[in-house]
Amino acid sequence: MDLKEIQNLIKFVANSGVAEVKLEMDDVKITIRTTLEGNVTETTYVQQLPAQAALPQAVAPQQAPAVVNVTSEASVQAEDSKFITIKSPIIGTFYRKPSPDKPVFTEVGSTISKGDVLCVIEAMKLFNEIESEVSGKIVKILVDDMSPVEFDQPLFLVDPSIIILDFRF
């Protein structure tokens, strides 16, 4: 494989959206990594293997690398970046209701204020109310009801650009 072919491969991988490609041939080993955050960073390793160390290997057919749908994931992450993520402060079981016969604390589209109870997390038979630290609108609930959650696991996405006017006299 000559230098021009390697450069063309690097350009192809960078444009395809694939994160990493490894190519091993008789005496050449190439690894190309790209990072799609902001600007594109390319890391290319070309390693010439010694002739006596080259073992017979099954060479993959030369096909175009599978294109991963990175554009939709990147656009979702870009949209989610304007939202505030409310995370679990403890390990336990996530509940959207205070009890099975009561309504849920909040729904997608609900406006919340700082201090509103969003959910309950049960840990060691104690039910801990999780209060909002921000005001805004619930955009997404990231955890299913009655499912286990880990410490610092995202629970809710909140749009803080919604202005809540609270007139109390």
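The values are calculated or read from the model by the stated rules, or taken from the named source; none is laboratory data. From a predicted model like this one, the values you see are computed outputs, not experimental measurements. All Cβ positions, glycine included, derive from the backbone under ideal geometry; neighbour counts span all protein chains shown. Protein only, heavy atoms only, side chains kept; ligands, DNA and RNA dropped before computing areas. Shrake-Rupley method; radii C 1.70, N 1.55, O 1.52, S 1.80 Å.
Miscellaneous remarks
- Within the stretch 106-139, considering residues that are closer than 15 Å to THR85 by Cβ, assigned to a strand (DSSP E or B) and without any contact (Cβ under 8 Å) to a residue 40 or more places away in the chain, the one most open to solvent (accessible area, probe 1.4 Å): LYS137
- Across the stretch 85-105, the number of residues qualifying as open to solvent by 40 Å² or more (accessible area, probe 1.4 Å), assigned to a loop (DSSP other than H, G, I, E, B) and touching a residue at least 60 places away in the same chain (Cβ under 8 Å) comes to 3.
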